[in-house]
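Please treat every number below as a calculation from the coordinates, not as lab data. Keep in mind that what you see is a predicted model, and the values were worked out from it rather than measured. Cβ sites come from the backbone with ideal geometry, for glycine too, and all protein chains shown count toward neighbours.
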Amino acid sequence: MSQAPALNLGTLLPIGSVWLGALLVLLGEVLLSRRRSFLGRPVTPVWIGTVLAAISTFFLVLALAMSLQAFLSGGAVDFDPAHPMIELDRFSNFAVVVVVLGSLLSCWLSVSYLVELRINHGEYYSLLLLATSGMMLTVMAVDLVVLFLGIELMSIPIYVLAGFQRRDLRSNEAALKYFLVGSFATAILLYGMALLYGVTGATDFAGIHTHLEPTNLVGLAGVGLLIVGFAFKVSSVPFHQWTPDVYEGAPTAVTAYMSVTVKAAAFLALLRVVMVALPSVALRLEPLFWALAALTMVVGNVMAVIQDNVKRMLAYSSVAHAGYILIGLATATAESYGAVVFYLLAYVFMNVGAFAVVSALADAGRECDRIQDFAGLGQERPGMAALMTLFMLSLAGIPSTAGFFAKFVLFAAAVNAGLTGLTILAVLASLVSVYYYLRLPVMMYMRERSAESGPWGVLSTGELVVLIACAAGVLFLGIFPNVVEGLHVLDWARDSAAPLFAAR
Amino acid sequence: MIDAHLLSLVTFLPLAVALVLLLAGRAPELVWKGVALGASLLTFGLSIGLWLGFDPTRTGYQFVERAPWLPGWGIHYFVGIDGMSLLLVMLTTFLMPIVLLASWNDVKRSVRSYVFFMLSLETAMIGTFVALNLFQFYVFWELMLVPMYFIIGVWGGARRVYAAVKFFLFTMLGSLLMLVALIVVYYLHFEQFGTLNLDLVALPGTAARAILDTHVPIAGQAVWWQTQPWLFAAFALAFGVKVPMVPLHTWLPDAHVEAPTSGSVILAGVLLKMGTYGFVRFALPLFPVAAVQFTPVIFTLAVIGILYGALVSMVQKDMKRVVAYSSVAHLGFVMLGMFALNVEGLEGSVLQMVNHGLSTGALFLLVGMLYERRHTRDIAEFGGIAKPMPVYAALFVLVTMSSIGLPMLNGFVGEFLILLGAFARSPAFAVPATFGVVLAAAYLLWMVRRIFFGPVENPENRSLIDLGLREKAVMVAIVVPILWIGIYPDPFLRRLDASVLEVLRRVEVGMAGGSANAPHADRVGLEAPARAALAEAGR
């Protein structure tokens, strides 16, 4: 009692730097927006946005660098070794890298997009950073309470971000819908946690693992509710209905952000919960995840076929991708978990890339999100069309793109564990997906520009950087995921899952 | 130096040029066309180096290159050629400059994108034929879809989008199931040898184990999805769509008719061969027992394809559709010869792949030339045009004869060998197939009569201009190998001998339940026991 607890404050550095960034952004906006000129230059909305984005970038890159460095040097640190709550092992470090990468790309995407939609407010970056810190907390958590804190810290800023286009009815609808459904999901999650605590008397994952009886019905109910809560967050069928409306209504940059990072954070946290806290009921979970994966893939892909709005189509495609990823959970081997991590990383590049094209084409307060808006893009804007095609091919899983390797390692893990039936279902579902992913190239290259198309916005520097980064990521992960010395990303993803299995 | 990497150079040179074109600044269309033609000619020139350097007496792969790609996963960049892949690579590199020259005035919009897709398509096709790692094969196999999809969809005819999407989806259906089967084999290998490896064969001179050493359980020995019949079915579906075998052929007429001339030529000339090549290279040696079990099914479908393709051809009004359905019939012959599983049949089958590429490619070129003049392919629109276009008519008749299989022309050699092999294996299937030859003569000659002979009734046909210099050059180039194979096929057959025997040896050993890696000493007198073993199993 007399001894001061030996806390590893260093574990808070990455997340702390993001918090600091969030505060500085708020402060900076207040200071800057009151001035007419700064250092002799006129203060314009674009300029303010750029400065705030630069601040955010700095702190995000700092967090990214620290996590990557920690990942590469290996080892695991607990915030409080006596009572594990936050753990920085190779898994959470790599997870943070994935999440922060998605945040960084969306942050750059926002600068000119916000100006074009006339919703350029500094709070945006602050909220983005806060949500990111929530995701970081979520993937580091080894305790239900911290996990809950993380999920809330992640979700609440995103409710606000979804409604950031205040004057737009669809954006309001998205925010309200996401908020209501999200709160509902959180409540279910919390109920599950409460039940688990009730049966096991523990909130930390290790404690739950020790005390959870696989036959205890109340405990099983808790596990079920917990998974339902997660299923909402990752938009798995039948808990996916909010996804298309929210993705369509939210500003595109926000959609890009939430589609990759929320999914990544929720899935990564779920991996740890399942493997560290609930291995004793793993056998019962396998058929559950099997069914969720099958349903999600089929419904997501089939529904995406009939969409005429690109953002809605990408929303259902994101449901479908959640289905593929759930195969990794149904398989539940170290190999498949590594594949899930790689999949989420690949998904960051291809999905942000696709949304980046949509947002870069938005012009003067008008979104460019109907399929026919893309007609003739191939002739008028060949570069944009080529990039969009690349991202679509990657989402469809055509070789030499990140999406193919992601699917290959995932399916390989599933077949190795004997889940051939589910894998066959997955490839058939992705055949359906080819059809709707090809609709955009068809529009862009095989239809003439008409009165229906455009007008298309001009490409800004930020968007250009994001597009190039995403294309580079898609091609790099698709051709050399394990070739370049010092960048064996495929091995990294596999290794990152190892700590979850070492604990068993 | 160049010698050691010649194969990679041939494979990637077109893609490299394509990427440079993509990044280059603005230039007149002539520059894009010229550079593309130059690049494809250079590729062809380099591939002649392969032809000359190839040692036909050696078994196994030559010009082998291997480099790590994903070392921990057993995925390597691994290329090499044997006689079969040599011929198909040559066919590809030979057809590409011809096609580019033939479509010189054909393509008017986005010329740069067009040559980009053509050149990247060439790399994807060659890459498929030279790949010795299953993963790499799959990558190139799928990659080929993308440029072809755009060539049909952007530069095609009225229903081009429908045709392009149908082509893409049909091919994907098969290849995705093949991917699952491939992963199953991958893990079977892992279970047996403890290493992840997707190399088809071991690097020459090493004792390492490769995919072909894997024992794939026959039905009843393991869970259903690990057994040969199912794995073979998955591979056969992927390849069968591409061949195309009836009833998976419905994408072909659409794709052929809607594609621009160059697309049709490449589609018929090379792409369809990827399916038959896949059967010989992968499906047969990997799953010999299942292949033999499935022979009656394949034979039935092949004969149906031959007869159905011929009959449907006969009633087409569109010249391109006639040629398209004739492809279904011809590829039926290729499948028939292949699954005869004897030297004559298999050798004829591979040779017929090349022949079909040449003569059907030439037919599509000729149809395209007429279409350029009249903007219609409707047979009824023509008649008596041998008068205004004598050179064109002579070439058309020559190519038609080659397609029918007239002696002294290439088609005869292939079809003769195939029927020889098929008769030895199963007269019941060979006899109806022979009728296919007769039918081919019927529908093609009938079309020739309606187009070229008789009085010129349509006044528009009177003013038709005969072939220009560029068109003559294209046609002469493609007629040379047609005559060469027809008169003196030995250089081609000689290069096939060793690799065909090797495939048959693998099938034979696999049938006997042994490891395919047995020493090669039992080569002498292989044919007789092989045939006996196969006849035994086929019953």
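General remarks:
- Around B:ARG209: net Lys/Arg minus Asp/Glu count, Cβ-Cβ under 13 Å: -3
- Pairs of alpha carbons in segment A:208-342 separated by more than 23 Å make up 33% of all such pairs.
- In this structure the amide hydrogen of B:GLN62, modeled in the peptide plane, comes within under 5 Å of the amide hydrogens of B:ILE81, B:ASP82, none closer than 5 places in sequence on its chain.
- Pairwise Cα inverse-distance average, inverted: Kirkwood Rh of segment A:40-88 (Å): 13.7
- In terms of its Cα atoms, the protein assembly as shown spans 103, 66, 51 Å along the principal axes, sorted from long to short.
- Seen from every direction in turn and averaged, the convex hull around the alpha carbons of segment B:229-368 projects onto 7.3 nm².
- Per-pair calculated FRET efficiency, R0 = 22 Å: A:ARG166 and A:GLN241 via Cβ, rounded to 0.05: 0.35
- Counting lysine pairs in the protein assembly as shown that sit 8 or more residues apart in sequence, or on different chains, and whose Cα atoms lie under 25 Å apart gives 29.
- Cα-only radius of gyration and Dmax that characterise chain B, units Å: 22.5, 74
- Remark: chain B carries a charge dipole of roughly 1080 debye about the Cα centre, counting +1 on each Lys and Arg Cβ and -1 on each Asp and Glu Cβ.
- Alpha-carbon radius of gyration plus Dmax, which is the widest Cα pair, for segment B:1-97 in Å: 15.6, 50
- B:ALA4-B:VAL438 FRET efficiency (beta carbon distance; Förster radius 56 Å; 0.05 resolution): 0.65
- What the pair-distance distribution of chain A shows, using all Cα-Cα distances binned every 10 Å from zero, is 4, 21, 32, 27, 13, 4, 1, 0 percent.
- Sequence-ordered 3J(HN,Hα) estimates for segment B:336-341 from the Karplus curve with 6.51, -1.76 and 1.60 and θ = phi - 60° stand at 4, x, 4, 7, 5, 6 Hz, glycine and proline given as x.
- Degrees separating the helix B:527-538 axis from the principal Cα axis of chain B, which is the longest one: 90
- Net charge dipole size for the protein assembly as shown [Lys, Arg +1 and Asp, Glu -1 on Cβ; Debye, nearest 20]: 1940
- Highest to lowest packing among A:140-150, B:319-329, scored as the average C-beta count within 10 Å: B:319-329, A:140-150
- Translational diffusion coefficient of segment A:196-249 (Stokes-Einstein, Kirkwood radius from Cα pairs, 4 °C, 1.567 mPa s): 102 µm²/s.
- In this calculation the C-beta distance from A:ASN309 to A:ALA54 is compared with R0 = 30 Å, giving a FRET efficiency of 0.35.
- Rule-of-thumb Rg ratio for segment A:3-107 [Cα; 2.2 N^0.38 Å; N residues]: 1.35
- Segment A:423-504 - charge dipole about Cα centre, Lys and Arg +1 at Cβ, Asp and Glu -1, debye rounded to 20: 240
- Charge-dipole axis of segment A:80-197 as Lys and Arg at +1 and Asp and Glu at -1 on Cβ define it, positive-most pick from A:VAL115, A:LEU88, A:LEU129: A:VAL115
- Each residue of segment B:80-95 was assigned a 3J(HN,Hα) from its phi angle through the Karplus expression (A = 6.51, B = -1.76, C = 1.60, θ = phi - 60°), giving x, 10, 10, x, 5, 5, 4, 4, 6, 5, 4, 4, 5, 5, 6, 6 Hz with x at Gly and Pro.
- When each of the peptides A:7-18, B:180-191 is scored by how many other beta carbons lie within 10 Å of its residues on average, the order from highest to lowest is B:180-191, A:7-18.
- For A:ARG370, residues with placed amide H under 5 Å, excluding near neighbours: A:VAL310
- Amide H partners (placed H, <5 Å) of A:PHE38, local residues excluded: A:VAL43
- A:TYR343, A:TYR247 arranged by Cβ crowding within 10 Å, fewest neighbours leading: A:TYR343, A:TYR247
- One chain, two ends: A:ARG118 and A:LEU428. Fully extended at 0.36 nm per residue, the span grows by 107.3 nm beyond their Cα-Cα distance.
- For segment B:193-270: rounded, prolate or oblate by the Cα gyration tensor [a/c cutoff 1.5]: oblate
- Cα Rg, Dmax (largest Cα-Cα span) when computed across segment A:73-165, Å: 15.3, 51
- Partner shielding of B:174-183 amounts to 6, given as the average count of beta-carbon atoms from other chains within 10 Å of each residue beta-carbon.
- Cα-based shape type of segment B:350-398, given that a ≥ b ≥ c are square roots of the gyration tensor eigenvalues and the cut on a/c is 1.5: prolate
- Residue by residue, segment A:388-399 carries 3J(HN,Hα) couplings of 4, 4, 4, 5, 5, 5, 5, 4, 6, x, 7, x Hz when phi is fed to the Karplus relation 6.51 cos²θ - 1.76 cosθ + 1.60 (θ = phi - 60°); x denotes Gly or Pro.
- Tensor-based shape of segment A:165-254 (alpha-carbon gyration tensor, a/c under 1.5 rounded, otherwise prolate or oblate): prolate
- Distance (nanometres) between label positions extended 7 Å along Cα→Cβ at B:ALA67 and B:VAL223: 3.8
- Rg over Rh for segment B:155-197 works out to 1.38, using Cα positions for both radii and the Kirkwood form for Rh.
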